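One structure is given below, encoded as structure tokens.
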There are 2 protein chains.
Amino acid sequence: MNDQEAFAIAVEEAKLSYSEGGVPIGAALVSKDGKLIGRGHNMRVQLGSPIHHGETSALYNSGRLPASAYAGSTMYTTLSPCDMCTGACLLYGVSRVVIGENNTYLGGEAYLKQRGVEVVNMKSQECQDLMEKFIKEKPETW
Amino acid sequence: MNDQEAFAIAVEEAKLSYSEGGVPIGAALVSKDGKLIGRGHNMRVQLGSPIHHGETSALYNSGRLPASAYAGSTMYTTLSPCDMCTGACLLYGVSRVVIGENNTYLGGEAYLKQRGVEVVNMKSQECQDLMEKFIKEKPETW
């Protein structure tokens, strides 16, 4: 699975969350050898959960795997990762984080780089448009 | 609720997890004005979840609260927080982290301090003994 394919899954998850009335942030986790480990989206609204963000939901949906399964993986996420998701990527040895955009929110990218994680910004207008639409429609939720 | 009372809840949660066959790490989150917001324990074994650690379970069990509810809160945890839980504390504006011990595992304490969070180490022999017993009994789980 290449970057475009994996990132498309993250975007699909973000749209799914939007369609559920939730925060439109999605993620996909792909192993070092290019296999999809997990995919998910923000579940703050859907589950009433403060810990199920896009990235952590992708991890949650991957189930309980040995540490080696995550080592060297790539996390695709439609939005710059918050501090918690930044830390989750570090904990599980994610070595690349591919983000959709960081104009609507700038998370822990600098800290990821400081800790040796590669960060790639896809500068996706689609992701930005979706977030802006959501923030405009539900400012109290964002 | 004072430090001793809140920390006792975190230890109680750690023991509960141990009794369930899980990783014996517990946490309690107390608001700025001293009220218990949430309590929980590591659920890696119980739920097969990579994101339900002690601290994140306490957050999860707090439900979905406004950001103001967490601001200035104290996270009590029986073990030094991993990168993910460190980030979760930063995301939710926890201003103090009280840990049981950091001899069996040293997490993101330095980064918490760097970001302005106070870190207090209770140097609890009880927490350390419980972790050591668990690691000895289930090295493959830890």
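FYI, it's all coordinate maths here, none of it is from the lab. Remember, it's a predicted structure, so these values are computed and weren't measured experimentally. Using ideal geometry, Cβ is built from the backbone for each residue, glycine included, and neighbour counts are taken over all protein chains shown.
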**Complete:** With one decimal in nm and the nearest listed first, the spacings from A:ARG64 to its own position in the other copies, using label points 7 Å along Cα-to-Cβ, are 2.7
**Asked** Where Lys and Arg each count +1 and Asp and Glu each count -1, what net charge lies around A:GLU132 among other residues with Cβ under 15 Å from its Cβ?
**Response** +1
**Asked** Under the rule of -39500 (n - 2.57) per DSSP H run of 4 or more residues, summed and divided by the residues of chain A, what mean residue ellipticity at 222 nm is obtained, to the nearest 500 deg cm²/dmol?
**Response** -12000 deg cm²/dmol
**Request:** Output the antiparallel fraction of DSSP beta bridges having both residues in chain A, as a percent to the nearest 5.
**Result:** 55
**Item:** Copies compared at B:GLU137 - label distances in nm, ascending, label defined 7 Å from Cα in the Cβ direction
**Value:** 4.9
**Prompt:** For label points placed 7 Å from Cα toward Cβ, what is the shortest-first list of nm distances from B:TYR105 to its copies?
**Reply:** 2.6
**Prompt:** So which trypsin sites (Lys or Arg not before Pro) in segment B:93-142 pass both tests, a DSSP loop state and at most 16 other Cβ atoms within 10 Å of the Cβ?
**Reply:** B:ARG115, B:LYS123
**Request:** Within the set of other residues whose C-beta is less than 14 Å from the C-beta of B:PHE7, count the net charge using Lys and Arg as +1 and Asp and Glu as -1.
**Result:** -3
**Prompt:** Axis carrying B onto A: which residue of B has the nearest Cβ, and how far, whole Å?
**Reply:** B:GLY87, 1
**Complete:** In the structure shown, of B:LYS32/B:LYS113; B:LYS15/B:LYS113; B:LYS35/B:LYS138; A:LYS138/B:LYS32, the pairs separated by more than 25 angstrom at the C-alpha atoms are B:LYS15/B:LYS113; B:LYS35/B:LYS138; A:LYS138/B:LYS32
**Dipole of chain A, positive end: most advanced residue of A:MET122, A:GLY72, A:ILE99 [Cβ charges, Cα centre]** = A:GLY72
**Request:** Quick one: dipole size for chain B, taken about the Cα centre, charges +1 on Lys/Arg Cβ and -1 on Asp/Glu Cβ, in debye to the nearest 20.
**Result:** 340
